[in-house]
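K.L.:
I'd like to ask some things about the structure below.
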Amino acid sequence: MESTGTPLPTPSLKGRLQPTVVLTTLSASFCSAFQYGYNIAVVNTPHKILKSFYNDTYFERHGMFMDENALLLLWSCTVSIFCLGGLLGSLIVGLMVDKCGRKGTLLINNIFAIVPAILMGLSKVAHAFELIIFSRVLLGVCAGISYSTLPMYVGEVAPKNLRGSLGTMIEVSVITGVLLAQIFSLQSILGNATDWPVLLALTGVPAVIQLVSLPFFPESPRYTLIQKGDEKTARQALRRLRGHNYDVEAEMDDMRREERAERAEGRLSVLNLFTFRPQRWQLLSVIVLMGGQQLSGINAINYYADIIYISAGVEAIQSQYITVGAGVINLVMTLVSAFLIERVGRRILLLVGYGICGSSCLVLTMALLFQSTVPELSYLSIICVFAYISGHSIGPSPVPSVVRAEIFLQSSRTAAFMVDGTVHWFTNFIVGLAFPSLQVAIGAYSFIIFAVLCLLTAIYIYLVIPETKGKTFVEINHIFAKRNGVEIPEEKEVTKAEPHMLPMPAKETSF
């Protein structure tokens, strides 16, 4: 007799957007990436007030004010030392994520946000501007660790068909931090001589929220299975992240294949990675993506924006509101990128973004050169700034964080993220240090350099970087294997006697 019962639904291989994944991404991304964006922007608008605090403190100690050059040097140190802290964070992140896990690293990293928040909040009462400078170093370390850890964690907890959209939430969180910093920094809110310690101390709030919320969410299943050898916990985490109508065992098999690939090549240190042929093009690609992201001129545009607004006739007091408007455009276009990335792919967004940025730099150069004879061109300069921010927000800003998490297997991901973090923070520091002098030396022509760098980065992306949308980490590794001129070792079944061999001890170190 045939059964008349309703057949059980076939488990899906396509991950749906489960509440656990959404909440995990929000807790991890917003509360960590926020630190990066907020602390990049928070000192820009109230810089005159903070410089005045530096000078008044110096006067209290020595009975005289600092000369302009000394004050400028001290303030430049305050701003740029954040990037050096980020560089330090990117160098220690490898050891942390291997020993403490992705989630554990993010939780520990909150120390580097809460402590400086307290110190900066007390700096005015203590009459010590040194507390601000020291805190900026710690906040840079926090940003450096989170900038490398977040793409690993989010990329590993997300299903492959949603990896791009969830990965761009990291950049959305960065931009949200920038925008909130711009809003809170308005003189009418906290960017004034009375409330600036509160403005600086607010960076500790998201860290406290993450300390309370993130422990309730699972560790990366890939880390749990491949590096810890804990199949039971990895399976439980996947069920929480993927929901009930999902073929968990299929993804477990995919992770086991990645584990076998890791055994074939061994855990790679940073030094191993530079000499390991099967990862050659992946390593070069992540260096180009992260270097291009900064060398394309985004920080230079932000630096020059106020000058452009004033040249167009905008009063200095009103330019802060235009800056907030630019921040809104930045956030909106990043959200557009998150919506499009799983529809049009990573390559298209990168190529379109760099195309817009390069074109904007060229037109901006012409507008700046001729606006003295044609005053109306000053308004074109503002349009170019907004166009550039839109282009960068749709491709070069958010997409590299997704791609860099996709093109490396577990065995090389930690070392690769140490490399790309170093490239990111070093180029960020170089642009911030060199652009003011470059702008003085060649003026508007400095943007021609950024246009050329945008073009070169786009050419590399078009010729080398494959589309990774909807592919597993192992499938992406196979694509690069052909480009690297190597063969993928034949997969061998893992015996039950030794299901999770540890990596060779000689290759366990981060360096």
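K.L.:
Nearest 10 degrees is fine. How inclined is helix 298-311 to the longest principal axis of the chain, computing both from alpha carbons?
P.N.:
It works out to around 30 degrees.
K.L.:
Is the C-alpha gyration tensor of the chain telling us rounded, prolate or oblate? Criteria: a/c under 1.5 is rounded; beyond that, a/b larger than b/c is prolate, otherwise oblate.
P.N.:
Working: a/c = 1.90, a/b = 1.60, b/c = 1.19.
Prolate, because a/c is 1.5 or more and a/b exceeds b/c.
K.L.:
Which whole-number value in Å² is the accessible area per residue of the chain, probe 1.4 Å?
P.N.:
43
K.L.:
Listed here are the pairs Lys103/Lys471; Lys232/Lys482; Lys228/Lys469; Lys99/Lys471; Lys103/Lys124; which of them are more than 26 Å apart at the Cα?
P.N.:
Lys232/Lys482; Lys228/Lys469; Lys99/Lys471; Lys103/Lys124
K.L.:
Now, a different point. For region 319-457, with all protein chains present and a 1.4 Å probe, just round the carbon and sulfur fraction of the accessible area to a whole percent.
P.N.:
Percent of accessible area from carbon and sulfur atoms in region 319-457: 80.
K.L.:
Let me ask another. Rounded to the nearest 500 deg cm²/dmol, what is the calculated helix-only ellipticity per residue at 222 nm for the chain, with -39500 (n - 2.57) per DSSP H run of length n ≥ 4?
P.N.:
Calculated at 222 nm, the ellipticity per residue is -24500 deg cm²/dmol.
K.L.:
Now for a separate question. Of the accessible area of region 211-294, with the probe set at 1.4 angstrom, what percent is carbon plus sulfur?
P.N.:
56
K.L.:
Specify the angular offset, from 0 to 90 degrees and rounded to the nearest 10, of the alpha carbon long axis of helix 130-157 from the longest principal axis of the alpha carbons in the chain.
P.N.:
Between the helix axis and the principal axis of the chain, the angle is about 30 degrees.
The values are calculated or read from the model by the stated rules, or taken from the named source; none is laboratory data. Quantities reported herein were computed from a predicted structural model and do not represent experimental measurements. Accessible surface is based on the protein model in full, side chains and every heavy atom, while ligands, DNA and RNA are left aside. Shrake-Rupley method; radii C 1.70, N 1.55, O 1.52, S 1.80 Å.
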